[in-house]
Each structure stands twice: as structure tokens, then as C-alpha cells.
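Structure record follows, encoded as C-alpha cells.
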Amino acid sequence: MARVAIVTGATGGIGIKFVERICLMDDIDEIWAVGRNKEKLNKLLEKSSKVFPVDADLAVDGVNVIADMIDRDKPDIRILINNAGIGYMGSYDDMGRNKVAACCTVNCTAPSELISIVLPFMKEGAKILNISSASSFQPNPYLTVYSASKVYLKNLSRALSVELKPRGITVTCVCPGWVDTGMLPKTKGGETIKYNGLISPDLVVDKALRDCSRGKDMSVPGYFAKYFRFYSKITPASLVMKLWVNAIKKYI
Ligand SMILES: NC(=O)c1ccc[n+]([C@@H]2O[C@H](COP(=O)([O-])OP(=O)(O)OC[C@H]3O[C@@H](n4cnc5c(N)ncnc54)[C@H](OP(=O)(O)O)[C@@H]3O)[C@@H](O)[C@H]2O)c1
């Protein structure tokens, strides 16, 4: 029975690094690398013969594509990384119904369904990582749906880590601040945008894998996200949001 890792968002900045790290793991035979961009998916094949690209749109029927593969192969699923995500910076008004729906589906519904689909195929020692965000530490106007979706994923993750402990399955929620990937706009009005505390995807992935192997339910990489978490705990939400609105004007 193949020992499988499933990584969604495998074509993006953080996902590619997860795939690279898992390629080096002796106890994984296959990496199901999920994404939509066919060119980037095919490029992942160069990393290792363990990589199996899965072309699946998680905003449409992507979860069914993965469920069918699991039904067919009945694998031993060792790792699930719910990493695919959609961000949107701007006003809720401008976002519109379709983008709101896609953000909720990809960031919340798909990871929840995937966990429920993989659990019957996971044994003791299996690991689930959910890539949330420092945006989950407080409400973020102009990143409204994204930050709300990441709160959902964080609470799902932490509660599940308790439920699944008796089965020996770890669930780790990863909450980075700004990460240097294609998700972030690089310029505004011809000027380079400087993101406070920007970190590399390598740092996120190395810490996430370290924390999950230690059985931690939270992984907060970088000093900026750690500070943001602490400051959000001790500061009234109204003040955090006021300061956030001033800060985000640099980016939108
Ligand atoms: N970058 C940051 O500052 C930051 C900070 C905190 C948390 N995060 C989280 O980290 C995770 C990875 O993001 P990233 O920074 O690596 O961004 P990214 O480079 O934009 O990658 C996003 C990934 O999500 C996939 N994706 C998006 N919509 C999809 C859909 N409908 N169906 C299937 N796959 C879809 C993309 O696949 P295709 O391109 O193939 O469609 C891509 O692989 C996300 O959950 C994000 O919210 C990022």
C-alpha cells in the first residue's frame, strides 16, 4: 500500500517548498501535488519520481477528484497539507459575490472536506497541516473574507488536534505573517511595496515540519507573526483594526 502525502497549493510559493521537503522523506512513496496551473504542475515532476501532479480546482470539483483517487488507490495517507489559499486585498464591496464564494470554498470548505475524506485512510502517526495565517489573530478590514476564512481554519485545526489526539494523528495550524510568494502584490503605483517582517517560504515550511513532528498544534514562524499574535491578545480589537487600516493603505 503506497504511503502518500497530499499537498494542495503545490504550485505556489509555500506549496513547492513543502513538496521539495517531502521528496526527501524516506517514509513517503507518493506525493499527490494538487494545483490548477498545468505548466507549474508538470515542472514539479522534475523534483522527484515520487511526485504525482493532480490537476484539480478546489473552488469547483477538485475535492471530488482527490476523493476518487483515494477511493481507487486506498492509500496509507501519512500527510495532508491543506495549503491552497486565495487572498484578496481591497474592499468587501469591490470583491463581489463570486470572489467571496471562491475564497470561502478554497480556504474553508475544501480543507474541511479533505480532512474528512482522508481520515479513514490515516493511521497512528499521520499528520495534518493546515496553512492559516497571522490574519487569523484578529479581524482585518480590507482583508475581511481572507482573515475570517483563516480564523475558521485555525479553530477547525486546533479543535481537531484535540479530537484526533487519541488516534495519534497530529493537526498543526501554521500562521505566518507576510511571506515572499506570488500571493503578495510586489508594487503599488510603480513603487516597490515593503512588507513588515517579510519571511521566506523556506522558513515557514522548515518550522511547520519541525513543529508538526513535535506534535505542536500551532506553528507561528518569524518574529513579526509572533509579535502580532501576542499584541492581538492584549490589545482591544477596535484598536488593532484601527492601526491595521492605516497599515494596509500601503498595500492596496
Ligand atoms: N504569502 C503570504 O503572505 C501568506 C501569509 C500567510 C498565509 N499564507 C497562506 O499560505 C498558503 C499558500 O500561499 P502562497 O503564499 O504560497 O501563495 P501562492 O503562491 O499564491 O499559492 C497559492 C496556491 O493555492 C492554489 N490555489 C488557489 N486557488 C486554487 C483553486 N481554486 N484550486 C486549487 N488550487 C488553488 C494555487 O494553485 P494554482 O496557481 O495552480 O491555481 C497555488 O498553488 C495559502 O493558504 C495562504 O493563504 C500566505
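The values are calculated or read from the model by the stated rules, or taken from the named source; none is laboratory data. Because the structure is a prediction, the values reported are computed rather than measured. Because the Cβ atoms are built from the backbone with ideal geometry, glycine has one as well, and the counts that use them run over all protein chains shown. Note: accessible area is taken over every heavy atom of the protein model, side chains too, but ligands, DNA and RNA are not part of it. Shrake-Rupley method; radii C 1.70, N 1.55, O 1.52, S 1.80 Å.
The table for this structure:
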quantity: Fully extended contour minus Cα-Cα distance, from ARG158 to ARG21, at 0.36 nm per residue; calculated: 46.9 nm
quantity: Under 5 Å, built H, 5+ apart or other chain: amide partners of MET218; calculated: CYS173
quantity: Karplus (6.51, -1.76, 1.60) ³J(HN,Hα), θ = phi - 60°, over the stretch 65-79, in Hz, Gly and Pro reported as x; calculated: 4, 5, 4, 5, 5, 5, 4, 6, 8, 6, x, 8, 8, 8, 9
quantity: For ILE6, distant residues with modelled amide H under 5 Å away; calculated: TRP32, ILE79, LEU80, ILE81
quantity: Net lengthening on full extension, GLU46/ASP93 (0.36 nm per residue, minus Cα-Cα); calculated: 12.7 nm
quantity: Residue-by-residue Karplus 3J(HN,Hα) for the stretch 105-110, coefficients 6.51, -1.76, 1.60, Hz, glycine and proline x; calculated: 5, 6, 7, 10, 5, 4
quantity: Packing rank of 105-113, 191-199, 49-57, where each peptide gets the mean count of other beta carbons within 10 Å, highest leading; calculated: 105-113, 49-57, 191-199
quantity: Simple spin-label estimate for ASP55 and SER112 in nanometres, 7 Å along Cα-Cβ; calculated: 3.0 nm
quantity: Estimated FRET transfer efficiency when R0 is 35 angstrom, pair ALA237-ASP68 (beta carbons, to 0.05); calculated: 0.25
quantity: Cubic angstrom per residue, convex hull over Cα atoms of the chain; calculated: 125 Å³
quantity: Built amide H within the under 5 Å cut-off of GLY177, gap 5+; calculated: ALA134, ALA225
quantity: Percent accessible area from carbon and sulfur atoms, the chain, protein chains only, probe 1.4 Å; calculated: 55 percent
quantity: Derived scalar couplings ³J(HN,Hα) [the stretch 142-153; Karplus, 6.51 cos²θ - 1.76 cosθ + 1.60; whole Hz; x for Gly, Pro]; calculated: 6, 9, 4, 5, 4, 5, 5, 5, 6, 5, 4, 5
quantity: 10 Å beta-carbon shell around VAL19, net charge (K/R +1, D/E -1); calculated: +3
quantity: Helical contribution to [θ] at 222 nm, DSSP H n ≥ 4, -39,500 (n - 2.57), averaged over the chain, rounded to 500; calculated: -13500 deg cm²/dmol
quantity: Inter-centroid distance (Cα atoms) of the stretch 210-252 relative to the stretch 42-58, Å; calculated: 32 Å
quantity: Accessible surface, the stretch 3-248, averaged per residue in Å² (probe 1.4 Å); calculated: 48 Å²
